[in-house]
Amino acid sequence: MTTENIKTATEVINEFLDNHAKDESLEVDTVAAVSTLWKNDDLSKIKLLRSLENARKAALKANVDSTEEADDD
């Protein structure tokens with residue numbers, strides 16, 4: 001029999017989110033949306049999709065706003 005420590009699902013998910021929060025190749029707002037829902041014990045399919053959609057809309061709005069500012073120059 002092995003004596004290795006088997007992690008709980010909570011430990012695995014926490015480790016996964018912590019590691020991905022440091023990954024600069026990922027979209028920061030996407031990782032934040034998932035992490036926030038998880039830490040608030042509120043992660044569900046519907047809430048995740050809603051949160052990701054809100055992050056996408058905010059990113060698009062920021063992109064439009066920065067494009068408009070560049071056009072004003």
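A short reminder: the numbers here are calculations on the coordinates, not readings from a lab. All of these numbers come straight from a predicted model, not from anything done at the bench. When we count neighbours, we look across all protein chains shown, and the Cβ atoms used for this are built from the backbone with ideal geometry, even at glycine.
Counting other C-beta atoms within 10 Å, which of ILE13, ILE6 has the fewest, and how do the rest follow?
Details: ILE13 15, ILE6 7.
Listing ILE13, ILE6 from fewest to most nearby Cβ atoms yields ILE6, ILE13.
Tabulate in residue order the Karplus-calculated ³J(HN,Hα) for the range 38-55, using 6.51 cos²θ - 1.76 cosθ + 1.60 with θ = phi - 60°, rounded to whole Hz; enter x for Gly and Pro.
Karplus values, whole Hz, x for Gly and Pro: 5, 5, 8, 6, 10, 7, 9, 4, 5, 5, 5, 4, 5, 5, 5, 5, 5, 5.
Quick check: net charge around ALA21, other residues with Cβ under 14 Å of its Cβ, Lys/Arg +1 and Asp/Glu -1?
Working: positive: LYS22, LYS39; negative: GLU15, ASP18, ASP23, GLU24, GLU27, ASP29.
Cβ neighbours under 14 Å give a net charge of -4.
Loop only by DSSP, 16 or fewer other Cβ within 10 Å of the Cβ. Give me the trypsin sites (Lys or Arg not before Pro) in the chain that pass, ordered by residue number.
Details: sites: LYS7, LYS22, LYS39, LYS45, LYS47, ARG50, ARG56, LYS57, LYS61; in loops: LYS7, LYS22.
Qualifying residues, ordered by number: LYS7, LYS22.
With contacts defined as alpha carbon pairs under 8 Å and 6 or more residues apart, what's the relative contact order of the chain in percent? Spell out each step's value before the answer.
Values: 20 pairs, mean separation 14.6, N = 73.
Relative contact order comes out at 20 percent.
Any idea what log10 I(q)/I(0) is at q = 0.28 Å⁻¹ for the chain, Debye with uniform C-alpha scatterers and no solvent?
For the requested q values the scattering log ratios are -1.24.
So which GluC sites (Glu not before Pro) in the range 22-73 end up in coil per DSSP with only 16 or fewer other C-beta atoms within 10 Å? Numbers along the way, then the final one.
Numbers: sites: GLU24, GLU27, GLU53, GLU68, GLU69; in loops: GLU24, GLU27.
Qualifying residues, ordered by number: GLU24, GLU27.
Taking the chain as the reference, fit the longest principal axis to its C-alpha atoms, fit the long axis of helix 9-21 to the helix C-alpha atoms, and give the angle between the two in degrees, 0 to 90, nearest 10.
Long axis of 9-21 versus the principal axis of the chain: about 40 degrees.
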